[in-house]
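**Student:** Have a look at this one before I ask anything.
The values are calculated or read from the model by the stated rules, or taken from the named source; none is laboratory data. Since the structure is predicted, the reported quantities are computational estimates derived from the model, not experimental observations. Counting neighbours? That spans all protein chains shown, and the Cβs are built from the backbone with ideal geometry, glycine included. Heavy atoms of the whole protein, side chains included, go into the accessibility calculation; ligands, DNA and RNA do not. Shrake-Rupley method; radii C 1.70, N 1.55, O 1.52, S 1.80 Å.
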Amino acid sequence: MTASQSELQRIMSALQESGLTVEAIEDGALIQDGETRVALFAESDEQGGVIVRLHLDLDLYVEEDSLPDILMGMNLMNQGLDYGALNLDPVDPEDDADEEAPLTFAVLGRSVLWLPDLGVAEMDRLREHLRRFEAEVTESVERTLHGSRGMSA
């Protein structure tokens, strides 16, 4: 079940009014704040309200032979995240890609937020969650990659 266009439009308008750049995409919205772009998808909840899913593409890719080390590092990083989590998504191989090429995964930040309604207080809560989610995931990844004990991918 998907949120009605009016619910998604209300969310997009509220985010635009708060100064964020919001662009409609096929089944959601792309929110830009500075250099960061977060995809937002909304769906109606059977028990009322709206479920909002946030996806942050970190432009990090991992080949399958590095997965054991990366998964341990991601598990440790996820323990320190309050507003989202890091996930791996398989990247669809190119049509003309070498069949022997290793499977590749993209590292994504993901978060889910339930809004009981689309009133002013809930839109404020969504904006704050969005800001904290983006900052927390980005800082955690940058600290890990560029810190004294950087992740080797």
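**Student:** Exactly one condition in (1) in a strand (DSSP E or B); (2) of a type in the set (A, V, I, L, M, F, W, C); (3) surrounded by 15 or more Cβ atoms within 10 Å (Cβ to Cβ); (4) touching a Gly at 6+ places or on another chain (Cβ under 9 Å) is not met by residue 141; state its number.
**Tutor:** Condition not satisfied by residue 141: (1).
**Student:** Turning to a different aspect of this structure: Mind checking which pairs have a first residue in the stretch 66-86 that is surrounded by 11 or more Cβ atoms within 10 Å (Cβ to Cβ) and a second that is among the aromatic types (Phe, Trp, Tyr), Cβ under 7 Å, 6 or more apart or different chains?
**Tutor:** Here the result reads 83/133; 84/133, each pair linking the stretch 66-86 to a residue that is among the aromatic types (Phe, Trp, Tyr).
**Student:** Any residue at all in the stretch 5-17 that's of a type in the set (Ser, Thr, Tyr) and touching a residue at least 60 places away in the same chain (Cβ under 8 Å)? Break it down stepwise before answering.
**Tutor:** Step one: list which residues in the stretch 5-17 are of a type in the set (Ser, Thr, Tyr), which gives 6, 13.
Checking the rest, the ones that are also touching a residue at least 60 places away in the same chain (Cβ under 8 Å) come to none.
No, every residue in the stretch 5-17 fails to be of a type in the set (Ser, Thr, Tyr) and touching a residue at least 60 places away in the same chain (Cβ under 8 Å).
**Student:** Then there's this: Which of the following residues is modelled with pLDDT under 95, out of contact with any Pro (no Cβ under 8 Å at 6 or more places or on another chain) and closer than 22 Å to residue 9 by Cα: 53, 131?
**Tutor:** Details: 53 fails: modelled with pLDDT under 95.
One residue alone meets the criteria, 131.
**Student:** Collect the residues in the stretch 14-28 that are over 17 Å from the mean Cα position of the chain (by Cα) and either surrounded by 12 or more Cβ atoms within 10 Å (Cβ to Cβ) or farther than 17 Å from residue 130 by Cα (or both), keeping them in residue-number order. So that I can check it myself, show each step before the final result.
**Tutor:** Step one: list which residues in the stretch 14-28 are over 17 Å from the mean Cα position of the chain (by Cα), which gives 14, 16-19.
Once the filter is applied, which keeps residues that are over 17 Å from the mean Cα position of the chain (by Cα) and either surrounded by 12 or more Cβ atoms within 10 Å (Cβ to Cβ) or farther than 17 Å from residue 130 by Cα (or both), the stretch 14-28 yields 14, 16, 18.
**Student:** While we're here: Given the options 45, 59, name the one that is closer than 19 Å to residue 30 by Cα and not hydrophobic (A, V, I, L, M, F, W, C).
**Tutor:** 59
**Student:** Just for the stretch 87-128: of the residues that are assigned to a strand (DSSP E or B) and within 19 Å of residue 29 (Cβ to Cβ), which one is most open to solvent (accessible area, probe 1.4 Å)? Reasoning before the result, please.
**Tutor:** Start the filter on the stretch 87-128 by keeping residues that are assigned to a strand (DSSP E or B), which leaves 87-90, 104-115.
With within 19 Å of residue 29 (Cβ to Cβ) added as a condition, the list becomes 108-115.
Values: 108: 23, 109: 0, 110: 70, 111: 11, 112: 88, 113: 17, 114: 117, 115: 0 Å².
Out of the qualifying residues, it is 114.
**Student:** Identify the single condition in (1) under 13 Å from residue 129 (Cβ atoms); (2) open to solvent by 30 Å² or more (accessible area, probe 1.4 Å); (3) under 16 Å from the mean Cα position of the chain (by Cα) that residue 31 does not satisfy, given that it satisfies every other one.
**Tutor:** Unmet condition: (2).
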